[in-house]
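A.B. asks: Input: one structure, supplied below.
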Amino acid sequence: MDHLTYLEQNRALWDHWASLHPQSAFYNNASFIEHQQSLHSIERNVLPNLKGKSVLHLQCHFGQDTISLATLGATRVVGLDFSPEAIRQAEKLNTACGTQVTFVESDVLQILPHLENTFDVVFASYGVVGWHPSAKAWMDAAFAYLKPGGSLVLVDFHPVLWILDEEFKEIKYPYFNTGVIIEDRAGSYAAPEADQMVNYTWNHSISDLILPIVDHPERSLTFFGESDWSPYALFEHTEKAPGQFQIKGKEGFFPLVYAIRARKEID
C-alpha cells in the first residue's frame, strides 16, 4: 500500500470517530461549552503568551483545544484537520461557544500557500505525529506556517509509550520507525461503540523529532521536557496527583508525555 491509501483509510477512521466523539463522556462537550478550556497544565506551561497572537492548531479534531487557544487571548486562531466530519463538528462547536475560530479541512502535510509564514504560534498535541510516516515531513510542514520569530509548540505522547502492547504491559512494537504499524480494532479512545476499523501509524523516536529542528539552520530548539504522567487515563492507571495519570504498576518507570517548543529564526 502507498501513503495515499494509508491516508484515505485513516481519514475514514477519523471521520467515523469525529461523528461519535462530541457526544462522548471523554470530551464532555456540555461542560466544555460552558467553560471553553480543555488545555492541560503540560500544554499551557510550554505555550508562550498568546495575547494578540495568531495561532494555527494542526490536527485539531473537532476543535475543543482550538477554541481553548482563543480563550487564552489569541486574536486569530485557525484549526486544521484532514477529516471533513471533524471540521463539520468543529464549526458546530464554534457556533455553540460563540467564538470566532476558523476551521480548515486539509491534510497537515499538504502545505496551504495562503497560510504560509502567517502565524506567530503553531500548536499540536496528543496523538499527532504518529499518524504520519515521516516526522521530518511533519516538522517541515509545521515550520512552513510560522512567521520568522514564531514558535512551534508540540506536546504528544512519548515514543516509549508506543512500544507497549494495547494493555500497556509488555513491549510489542519497535521504538524506531521500522515501517507502518497496522492495527485492526473496535472502539476508539473516547467511543467504545466505534466500529471495528483498520488504522495505520508509525513510531518516531525522540531523535526523529528533534533532529529536523536542530539540524536546520533556520530553526532552534528552545525547550524540551518529559513527564512521567499523562493528563489522559488511556490505560489501567493510578494518579500521581489529581488528573496526573500513571500506568498502574509502572509508576515513574518511564516518560509518558514529551513537550517541544522551537523557534523559526529571523532571517
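A short reminder: the numbers here are calculations on the coordinates, not readings from a lab. All values derive from a computational prediction rather than experimental measurement. Positions of Cβ are backbone-derived with ideal geometry, glycine not excepted, and every protein chain shown enters the neighbour counts.
A.B. asks: Regarding region 70-79, can at least one residue be identified that is in a helix (DSSP H, G or I) and either crowded, with 19+ Cβ neighbours inside 10 Å or small (Gly, Ala, Ser) (or both)?
C.D. replies: Quick first cut of region 70-79, residues in a helix (DSSP H, G or I) only: 70-71.
Narrowing the set further to residues that are either crowded, with 19+ Cβ neighbours inside 10 Å or small (Gly, Ala, Ser) (or both) leaves 70.
Checking region 70-79: at least one residue is in a helix (DSSP H, G or I) and either crowded, with 19+ Cβ neighbours inside 10 Å or small (Gly, Ala, Ser) (or both).
A.B. asks: Among the strands (runs of 3 or more DSSP E) contained in region 110-209, which hold 3 or more residues that are touching a strand residue (DSSP E or B) at 6+ places or on another chain (Cβ under 8 Å) and of a type in the set (D, E, K, R)?
C.D. replies: Where strands (runs of 3 or more DSSP E) fall fully within region 110-209 and carry at least 3 residues being touching a strand residue (DSSP E or B) at 6+ places or on another chain (Cβ under 8 Å) and of a type in the set (D, E, K, R), they are 181-185.
A.B. asks: If we scan region 32-49, do we find a residue that is part of a helix (DSSP H, G or I), of a type in the set (Asp, Glu), more than 23 Å from Ile260 (Cβ to Cβ) and free of Cβ contacts under 8 Å to residues at least 24 places away in the same chain? Spell out how you get there, then give the answer.
C.D. replies: So the first thing to find is which residues in region 32-49 are part of a helix (DSSP H, G or I), and the list is 32-35, 41-46.
Keeping just the survivors that are of a type in the set (Asp, Glu) gives 34, 43.
When the remaining residues are screened for being more than 23 Å from Ile260 (Cβ to Cβ), the result is 34.
If we keep only those that are free of Cβ contacts under 8 Å to residues at least 24 places away in the same chain as well, we get 34.
Yes: one or more hits.
A.B. asks: In region 214-267, which residue that is under 20 Å from Ala124 (Cβ atoms), outside any strand (DSSP E or B) and among the aliphatic types (A, V, I, L, M) is farthest from the chain's Cα centre (by Cα)?
C.D. replies: Going through the qualifying residues, I end up with Val214.
A.B. asks: Please verify whether His3 is surrounded by fewer than 19 Cβ atoms within 10 Å (Cβ to Cβ) and within 19 Å of Trp131 (Cα to Cα), treating the condition exactly as stated.
C.D. replies: When the stated conditions are applied, His3 passes them.
A.B. asks: Quickly run through region 181-205 and pick out the residues that are crowded, with 16+ Cβ neighbours inside 10 Å and touching a residue at least 24 places away in the same chain (Cβ under 8 Å).
C.D. replies: Just the residues of region 181-205 that are crowded, with 16+ Cβ neighbours inside 10 Å, to begin with: 181, 188, 190-191, 194, 197, 199-204.
Ser188, Ala190, Ala191, Ala194, Met197, Asn199, Tyr200, Thr201, Trp202, Asn203, His204, listed by residue number.
A.B. asks: Can you pull out the residues in region 12-31 that are part of a helix (DSSP H, G or I) and either of a type in the set (S, T, N, Q) or crowded, with 18+ Cβ neighbours inside 10 Å (or both)?
C.D. replies: Within region 12-31, Leu13, Trp14, Trp17, Ala18, Ser19, Leu20, His21, Pro22, Gln23, Asn29, Ser31 meet the criteria.
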